[in-house]
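Before any comments, here is the structure.
The values are calculated or read from the model by the stated rules, or taken from the named source; none is laboratory data. Remember, it's a predicted structure, so these values are computed and weren't measured experimentally. Here the Cβ positions follow ideal geometry from the backbone for every residue, glycine too, while neighbour counts run over all protein chains shown.
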Amino acid sequence: MSDPILVTENLEKRFGGVVAASEISLSLYPGETLAVIGSNGAGKTTFVNMVTGYLKPSSGTIRFRGRDITGSSPRKTAQAGIRRSFQISQIFPQLTVLENVMIAEIAAADGKGGLRRAALTDARMQTGRAVLDRFGLGQHSDTAVGTLPQGIKKQLDIAMAAINDPALILLDEPTSGVSSDEKIEMMERVIAPLKADDATLLFIEHDMDIVTRFAERTVAFYEGKILADGPTREVLSEDDVRKYVIGGVHA
């Protein structure tokens, strides 16, 4: 087996006297698709926020590709090759789909050359259209994002996170707010191009049908700790997971 792309060791996050995450140790391997499950407040997003630099761990270490990135800023974490989407899409509703992607391209390139000049280049527009086609969004390129259904907005947010082919992508509740009829189709449209590029994926999800369909491995969080970690169907069948996680996942 190859070396892990991401390793966390005894991660802990405290907010005053409240322990939001404790003893979080896991290894994620190149090409894996890992689901993180747990009821609200179980520590899932806290964990992702620590890995992506939005929260500094109170203790513990994070290594990405063998390098210690503990406490790195979101920008430095992204530049290292870790990107993420958010539960609430980080997009500009008044701009078109293509304009949103172009802004994400500029951010991925660290804004060199200035926002306006970079945004107006033909090459950047062509790259943006290629990204949209790759994620099945080409037909929406000139549409204002605010007029689109939630599923398309989520798809766009993930496409923007995938610009420049990061090695690790973390998706925070990618199907949140998406209708049950749209969820599977939306996930298929975003997972396929990411897996075609051998991206390593970690996604937080409350829908067990989505977890079963798309995750090879699942980690269950409970009260800020890892309750179970293993092949998805095995984890979902564990008594404690069924009792404390699946039973309360919508609590």
Inspect all residues belonging to the range 144-158 and state whether any of them is more than 25 Å from Ser27 (Cβ to Cβ), touching a strand residue (DSSP E or B) at 6+ places or on another chain (Cβ under 9 Å), modelled with pLDDT of 90 or more and crowded, with 16+ Cβ neighbours inside 10 Å. yes
Scan of the range 198-251 for residues that are of a type in the set (S, T, N, Q) and either more than 17 Å from Val48 (Cβ to Cβ) or not assigned by TED's automatic domain parsing to the domain that holds Glu182 (or both), ordered by number: Thr212, Thr232, Ser237
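Can you give me the ranges of the strands (runs of 3 or more DSSP E) entirely in the range 179-251 with at least 1 residues that are more than 22 Å from Asn40 (Cα to Cα)? It would help to see each step written out before you state the result.
Numbers: elements: 200-204, 217-222, 225-231.
Counting at least 1 such residues, we get 200-204, 225-231.
Mind checking which residues of the range 168-216 are among the basic types (Lys, Arg) and farther than 29 Å from Arg63 by Cα?
Going residue by residue through the range 168-216, those that are among the basic types (Lys, Arg) are 183, 189, 195, 213.
Scanning the range 168-216 gives Lys183, Arg189.
Name the residues in the range 200-230 that are farther than 17 Å from Ser176 by Cβ and in contact with an Asp or Glu (Cβ under 7 Å, 6 or more places away or on another chain), would you? Step through it out loud before you land on a result.
Taking the range 200-230 as the starting set, the residues that turn out to be farther than 17 Å from Ser176 by Cβ are 200, 212, 216-220, 222-230.
Across the range 200-230, the qualifying residues are Thr200, Glu216, Arg217, Val219, Lys225, Leu227, Ala228.
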Testing Gln94 on (1) buried (at least 21 other Cβ atoms within 10 Å of the Cβ); (2) assigned by TED's automatic domain parsing to the domain that holds Thr147; (3) polar (S, T, N, Q), one condition comes back false. Which one is that? (1)
Selection from the range 1-16 of residues that are outside any strand (DSSP E or B) and within 20 Å of the chain's Cα centre (by Cα): Pro4, Ile5
Restricting the first residue to the range 20-46 and requiring it to be on the phi > 0 side of the Ramachandran plot, which pairs with a second residue that is among the β-branched types (Val, Ile, Thr) and at pLDDT below 95 meet a Cβ separation below 8 Å and a spacing of at least six or different chains? Gly38/Val245; Gly38/Val249
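Tally up the residues in the range 56-69 that are surrounded by fewer than 19 Cβ atoms within 10 Å (Cβ to Cβ) and either touching a strand residue (DSSP E or B) at 6+ places or on another chain (Cβ under 7 Å) or under 18 Å from Glu23 (Cα atoms) (or both), please. Even if it seems obvious, please write down each step before you answer.
Going through the range 56-69, the residues surrounded by fewer than 19 Cβ atoms within 10 Å (Cβ to Cβ) turn out to be 56, 58-61, 63, 65-68.
From the residues that got through so far, the ones that are either touching a strand residue (DSSP E or B) at 6+ places or on another chain (Cβ under 7 Å) or under 18 Å from Glu23 (Cα atoms) (or both) too are 56, 58-61, 63, 68.
Adding up the residues that qualify gives 7.
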Go through (1) touching a residue at least 40 places away in the same chain (Cβ under 8 Å); (2) touching a helix residue (DSSP H, G or I) at 6+ places or on another chain (Cβ under 6 Å) and name the single condition Gly53 misses. (1)
Can Leu28 be described as under 14 Å from Ile82 (Cα atoms) and not β-branched (Val, Ile, Thr)? yes
